[in-house]
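Colleague: The structure follows.
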Amino acid sequence: DLSLLRFISAELTRGYFLEHNEAKYTERRERVYTCMRIPKELEKLMFFGIFLCLDAFLYVFTLLPLRVFLAMFRFITLPCYGLRDRRLLQPAQVCDILKGVILVICYFMMHYVDYSMMYHLIRGQSVIKLYIIYNMLEVADRLFSSFGQDILDALYWTATEPKERKRAHIGVIPHFFMAVLYVFLHAILIMVQATTLNVAFNSHNKSLLTIMMSNNFVEIKGSVFKKFEKNNLFQMSNSDIKERFTNYVLLLIVCLRNMEQFSWNPDHLWVLFPDVCMVVASEIAVDIVKHAFITKFNDITADVGICEYRASLAFDLVSSRQKNAYTDYSDSVSRRMGFIPLPLAVLLIRVVTSSIKVQGVLAYVCVVLFYCGLISLKVLNSIVLLGKSCQYVKEAKMEEKLFNPVLTATPGKPAGKQQSMFKSTQGISTDENGSTSVTKQPVHQKENTPSLLVTSNSDQFLTTPDGEEKDISQDNSELKHRSSKKDLLEIDRFTICGNRID
């Protein structure tokens, strides 16, 4: 019998029986805890990734000149030792010389670019026009970074390719000019970005700086409500690491230029400090909000997601330190994060040499001491990173992946057949995507089996930690219904756009 009194009584005395749907509310509570853990875990990943970029960036200023000197010394003294092998220089030495020559040529080419004229040209534009230009520069930087590493890799491979093979390229000289042109144009692009940021710092009403910072929050709208897989979020995390490190270098350039204009007055540094803090704080806030809601909407936990991303980056570092690694560590970081240190290094050298005048014996002594300090910082940073990377790899149970041999494809035989043949002898199973994984009890190799080359696994043989792997023979039914996904470390090329370009 329905009545108004009975309805009001039911509304006042109605209870909640949440225990009848315990799983649902437990999941909601875990989502809240995941969002609370995201800032801590994300900053750990960012901190580790930024120091990876710093290590690759310092390599250009510290170890690369020494390696170029050793390569040139070997080339000059080669007649004293005789030609014991077919190569005049080792492939690594050829790549070092190419990097050094590109760096020197682009540095002298940057002297023809007038920074002061560019600053006044940009300052004379309207705020809205500069905002559009800044957005276009960000898009162009991502495209340059995506294609630039391919240009450099093509040059290195063309210069070191075995000569007995049939020529299938246009030659080393055209590739070299393409690389020089790319580094020069990318350095100019970053210089325009730094100049625009400098104009925003020096504007009276700070309107341009406010608009540029608000552009970061527009990024949240463009990414939060999209569907993200774990691999896509890993790509976006690498992009954010590269973007944050590049912004730190741009802020350093802006501070150097402003301090030069005010005759290195330390009081002016405190004038720039609030704006620098606002830029850094906005980047951190945007990254935290973006990753927190992406993980919430796509059911990605902080432990499985972000912690695994850090282990994947650590795996790249450890694998590149192996004796038979076929790629340099800086190139590995460039491929993974889209961070190419050469253009940024050219611009920083150009700004430092134009802002700081070295005159007198004492000044040169300070330069030598500063260079020794950079080398010490590079070595210390590399040692600490290697130790932390080994710790992360051990925690993720990925040690076996470092020493698993990989069969390279031979002419006439597809790589898939070789992997299946290798699986039967080594106890390695292959999942439905073609990616290899190590079973829990691998079969030991017999003594008469020929030893295979252990190579770096950052591009070919890469898998996720063992904690998420399952033996195919144990659960075939679950494997059939599992959606096809590629492991984090299996993907070779990452762009800084947040999505992979297939």
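The values are calculated or read from the model by the stated rules, or taken from the named source; none is laboratory data. Because the structure is a prediction, the values reported are computed rather than measured. Don't worry about glycine lacking a Cβ; one is built from the backbone with ideal geometry, like all the others, and counts go over all protein chains shown. SASA here: full protein model, heavy atoms, side chains in, ligands and nucleic acids out. Shrake-Rupley method; radii C 1.70, N 1.55, O 1.52, S 1.80 Å.
Colleague: As an exercise: evaluate THR77 against (1) surrounded by fewer than 10 Cβ atoms within 10 Å (Cβ to Cβ); (2) touching a residue at least 40 places away in the same chain (Cβ under 8 Å); (3) among the polar types (S, T, N, Q) and give the number of the one condition it does not meet.
Modeller: Going through (1) surrounded by fewer than 10 Cβ atoms within 10 Å (Cβ to Cβ); (2) touching a residue at least 40 places away in the same chain (Cβ under 8 Å); (3) among the polar types (S, T, N, Q) one by one, THR77 breaks only (2).
Colleague: What helices (runs of 4 or more DSSP H) lie completely within region 76-164 and have 3 or more residues being at pLDDT 85 or above and of a type outside the set (Val, Ile, Thr)?
Modeller: Hits in region 76-164: 91-110, 115-123, 127-160.
Yes/no per residue for (1) within 28 Å of GLU308 (Cβ to Cβ); (2) in contact with a Gly (Cβ under 6 Å, 6 or more places away or on another chain); (3) assigned to a helix (DSSP H, G or I):
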| site | (1), (2), (3) |
| --- | --- |
| PHE201 | no, no, yes |
| HIS204 | no, no, no |
| ILE220 | yes, no, yes |
| LEU233 | yes, no, yes |
| ASN238 | yes, no, yes |
| ASN247 | yes, no, yes |
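Colleague: Could you say which residue among THR13, THR34, THR77 is under 26 Å from the mean Cα position of the chain (by Cα) and polar (S, T, N, Q)?
Modeller: None of the others qualify; the one that does is THR34.
Colleague: Going by the conditions given, is ARG67 open to solvent by 60 Å² or more (accessible area, probe 1.4 Å), under 41 Å from the mean Cα position of the chain (by Cα) and under 30 Å from TYR371 (Cβ atoms)? Reasoning before the result, please.
Modeller: Numbers: open to solvent by 60 Å² or more (accessible area, probe 1.4 Å): yes; under 41 Å from the mean Cα position of the chain (by Cα): yes; under 30 Å from TYR371 (Cβ atoms): yes.
Judged against the criteria, ARG67 is a match.
Colleague: So, one more: Taking the conditions exactly as written (within 30 Å of LYS296 (Cα to Cα), surrounded by fewer than 15 Cβ atoms within 10 Å (Cβ to Cβ) and either of a type in the set (S, T, N, Q) or modelled with pLDDT of 90 or more (or both)), does ASN205 satisfy them or not? Lay out the reasoning, then the answer.
Modeller: Details: within 30 Å of LYS296 (Cα to Cα): no; surrounded by fewer than 15 Cβ atoms within 10 Å (Cβ to Cβ): yes; either of a type in the set (S, T, N, Q) or modelled with pLDDT of 90 or more (or both): yes.
So ASN205 does not fit the description; no.
Colleague: Which one is most open to solvent (accessible area, probe 1.4 Å) among residues in region 208-224 that are aliphatic (A, V, I, L, M) and under 23 Å from LYS296 (Cβ atoms)?
Modeller: VAL218
Colleague: Please verify whether region 111-119 includes one or more residues that are of a type in the set (A, V, I, L, M, F, W, C), surrounded by 15 or more Cβ atoms within 10 Å (Cβ to Cβ), closer than 27 Å to ILE190 by Cα and in contact (Cβ under 8 Å) with a residue 12 or more places away in the chain.
Modeller: Yes, the conditions are met somewhere in region 111-119.
Colleague: From the residues in region 133-169 that are under 30 Å from the mean Cα position of the chain (by Cα) and open to solvent by 90 Å² or more (accessible area, probe 1.4 Å), which one is farthest from ILE97 (Cα to Cα)?
Modeller: So the residue we want is MET136.
Colleague: Does region 286-296 hold any residues that are surrounded by 19 or more Cβ atoms within 10 Å (Cβ to Cβ) and not hydrophobic (A, V, I, L, M, F, W, C), and which are they? Steps first, please.
Modeller: Let us first name the residues in region 286-296 that are surrounded by 19 or more Cβ atoms within 10 Å (Cβ to Cβ), namely 286-287, 290-292, 294-295.
Across region 286-296, the qualifying residues are ASP287, LYS290, HIS291, THR295.
Colleague: To continue, here is another question. Quick check, is TYR371 under 14 Å from LEU58 (Cβ atoms) and either more than 20 Å from the chain's Cα centre (by Cα) or open to solvent by less than 10 Å² (accessible area, probe 1.4 Å) (or both)? Working first, answer last.
Modeller: Working: under 14 Å from LEU58 (Cβ atoms): yes; either more than 20 Å from the chain's Cα centre (by Cα) or open to solvent by less than 10 Å² (accessible area, probe 1.4 Å) (or both): yes.
Considered against the rule, which asks whether it is under 14 Å from LEU58 (Cβ atoms) and either more than 20 Å from the chain's Cα centre (by Cα) or open to solvent by less than 10 Å² (accessible area, probe 1.4 Å) (or both), TYR371 comes out as yes.
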